[in-house]
1. Cβ-Cβ below 6 Å, separation at least six or inter-chain, first residue in the range 545-574 and on the phi < 0 side of the Ramachandran plot, second acidic (Asp, Glu) and part of a helix (DSSP H, G or I): which pairs?
2. Under 6 Å by Cβ, and 6 or more places apart or on different chains, what pairs join a residue from the range 133-158 that is closer than 19 Å to LEU122 by Cβ and at pLDDT 95 or above with one that is surrounded by fewer than 20 Cβ atoms within 10 Å (Cβ to Cβ) and of a type in the set (Lys, Arg)?
3. Only one residue in ASN13, ASN63 is free of Cβ contacts under 8 Å to residues at least 60 places away in the same chain and either of a type in the set (S, T, N, Q) or part of a strand (DSSP E or B) (or both). Which one?
4. Which of the residues spanning the range 63-75 are in contact with a strand residue (DSSP E or B) (Cβ under 8 Å, 6 or more places away or on another chain) and surrounded by 15 or more Cβ atoms within 10 Å (Cβ to Cβ)?
5. Does the range 120-128 contain at least one residue that is within 29 Å of the chain's Cα centre (by Cα) and assigned to a helix (DSSP H, G or I)?
6. So, GLU168, is that one over 30 Å from GLY31 (Cβ atoms), surrounded by fewer than 18 Cβ atoms within 10 Å (Cβ to Cβ), touching a residue at least 40 places away in the same chain (Cβ under 8 Å) and among the acidic types (Asp, Glu) or not?
7. If only one of LYS493, LYS469 is of a type in the set (Lys, Arg), surrounded by 22 or more Cβ atoms within 10 Å (Cβ to Cβ) and within 31 Å of the chain's Cα centre (by Cα), which one is it?
8. What residue, of LEU272, LEU266, LEU285, is buried (at least 19 other Cβ atoms within 10 Å of the Cβ), in contact with a Gly (Cβ under 7 Å, 6 or more places away or on another chain) and not assigned by TED's automatic domain parsing to the domain that holds LEU112?
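The values are calculated or read from the model by the stated rules, or taken from the named source; none is laboratory data. From a predicted model like this one, the values you see are computed outputs, not experimental measurements. Glycine gets a Cβ as well: all are built from the backbone with ideal geometry, and neighbour counts include every protein chain shown.
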Amino acid sequence: MTKILAIIGARLNSSRLAGKHLLPLACDAAGNTLPIIGHILRRLKTCSTISSIELATTADEFNQPLINWAQENQLTCVPFEGDVNDLMGRLDRIIQRQQPDYIVYICGDCPLIDPNFIDHALLALKASDKDTITLKEGIISLHEGIGFYTRSGWNRLMAVSDCVMSREHVGYGDKLRPVLTKLYIDDSGNYGKITHRISVDTHADYRFMVEVYRRWYVNNPTETVVSLEWVQEELLKDSALFAINAHVQQKAANKNYAKASIYCHLGPQIGLGHFKRSELIANALQEHLSLGVNIHAYSEAGQRLDSSSKVVWHEDEQALLSALTEDQNPLVLLDFHPNFIDLESFANRLAGLAKHGAKRIGIDKMAPLLDELDWLFIPSFNSPTHHPKISAGWRNYLFSTIPQATKQAQILVLTGGSDALGYGRELPTILDSIGTDWPILWIQGPLAPAPQLTPNSAIVVQQNPDNLKEIIAQSEIILSCYGLSLFESIYGKAATLLLPPQHLCDEAELFALNQERCCLVSDSLEEAKMMLQQLLTEPEQRRSLQNQATRVFESHQGIQALIDDIHHLLGAVN
């Protein structure tokens, strides 16, 4: 009897999206959430040609959760004890043990592999005397992450896979020294109407896949698998779906990519803005420039946040400075509030980085270190000074996309990730005294104490909701502290009221913001109350603020502006 073995290759150590194989995607027929690899296994089980399925991963501790998942789901897995980067060796160990007639290699980050295509290709390979299959010249297809081999063909491929790149990438050895005979086949359907990524390497890829699966299961039973033909049609008719990950660059097998480090801090007094912005920048560097990125962070109070980025947590500023001193990466970004760091120590460390040619970029308020920086990117309309090394303006604001939504008669209160200015002590009582019938929603940040509500308060509190962007998009009026949430609110075209910012920005910046007339600026909580009452009773004032919000952000580029600056800066080296 012919034995056909499918091997799923997966490790949780991805440089761009660590742990991606176990990220949740959608539920199975029993209502249990399946991870990405669970959907791959489910799709393989619908193939009529495959005899057995095995997971190929490594025996290091980082991948133990993947090994545990395989055991829990009755998926054969014998972890590889050799070099963690030797993918060919990892697969070959399984193949020599199993002795299959045919092998299907499945990359573990592609939850849209097409079962019909797999059966189609295997049947064609079985009926031939060739080593492997490939699509006929000129055929374009959505298929990704699948390789087909006879056992003899696999053995020939192993024989020429004798360099680092050919051991890390399945099939690369044959590109360097062609030894495989190829069967050129037609596709199993017309999957060439559009080209698009269907593998998950980055956060944007994952967001794309989540949206694909969500849409499918709105109209299809949970026991079905997502149709690749349907995905193609969705991409053709919906540019918004296409745009989610269209910018992501595929890594080339024969290229070594640079690495970058981002240094930041967080805490009850500092807030979460620097850390959240660092996560956004890390994702963009990975997706647009294929850079491997580590975030180095410390918290003034020792908090550590869950993050999908690679984060190295440091106990204090001195430990973080030590890491900065030893950093050998060619690109280093710093995102700190200068009032909470030892500026002289950071200046000395940055001067040291310049000796090995590292490009040093400051984010936002790092102007005091401008002499030791190669570039300062200010995600703000306001720059403290004009200088050839500074980029600033409304185009620079760094935040993820705010979705389009119909505005609702709702007051949203955003006091920041830690409520550093303590609005939660007095503001709830002031809001309750207004007596409006508009619902008031208070967002409690992950490091913020709960607001002090009276027993009969009408305020509804939500703690760190996952859908905050949608809530911002829906809210007609937003009260915000100074920081990222303020400008997200303006960008989301809300009638926005800035709560008294105290020390968070200077008088010149407040004056300049007032001149833009895209939000109301209050000097005290009592003044904020009067301004809110005006907004509630004067719809024309709300419309005016919303129109001005559209004006100031009409040339917004956001993260793309930073990526362009970094690309130019790195290009100047090469």
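1. From residues that are on the phi < 0 side of the Ramachandran plot, the pairs are VAL552/GLU516.
2. Here the result reads THR134/LYS182, each pair linking the range 133-158 to a residue that is surrounded by fewer than 20 Cβ atoms within 10 Å (Cβ to Cβ) and of a type in the set (Lys, Arg).
3. On the way: ASN13 fails: free of Cβ contacts under 8 Å to residues at least 60 places away in the same chain.
None of the others qualify; the one that does is ASN63.
4. As a first pass, look at the range 63-75 and keep what is in contact with a strand residue (DSSP E or B) (Cβ under 8 Å, 6 or more places away or on another chain): 66-67, 69-71, 75.
Result: LEU66, ILE67, TRP69, ALA70, LEU75.
5. Step one: of the range 120-128, the residues within 29 Å of the chain's Cα centre (by Cα) are none.
Taking every residue of the range 120-128 in turn, none turns out to be within 29 Å of the chain's Cα centre (by Cα) and assigned to a helix (DSSP H, G or I).
6. Working: over 30 Å from GLY31 (Cβ atoms): yes; surrounded by fewer than 18 Cβ atoms within 10 Å (Cβ to Cβ): yes; touching a residue at least 40 places away in the same chain (Cβ under 8 Å): yes; among the acidic types (Asp, Glu): yes.
When the stated conditions are applied, GLU168 passes them.
7. Working: LYS469 fails: surrounded by 22 or more Cβ atoms within 10 Å (Cβ to Cβ).
On inspection, the qualifying residue turns out to be LYS493.
8. On the way: LEU266 fails: in contact with a Gly (Cβ under 7 Å, 6 or more places away or on another chain); LEU285 fails: in contact with a Gly (Cβ under 7 Å, 6 or more places away or on another chain).
Step by step, each of LEU272, LEU266, LEU285 is checked, and only LEU272 is buried (at least 19 other Cβ atoms within 10 Å of the Cβ), in contact with a Gly (Cβ under 7 Å, 6 or more places away or on another chain) and not assigned by TED's automatic domain parsing to the domain that holds LEU112.
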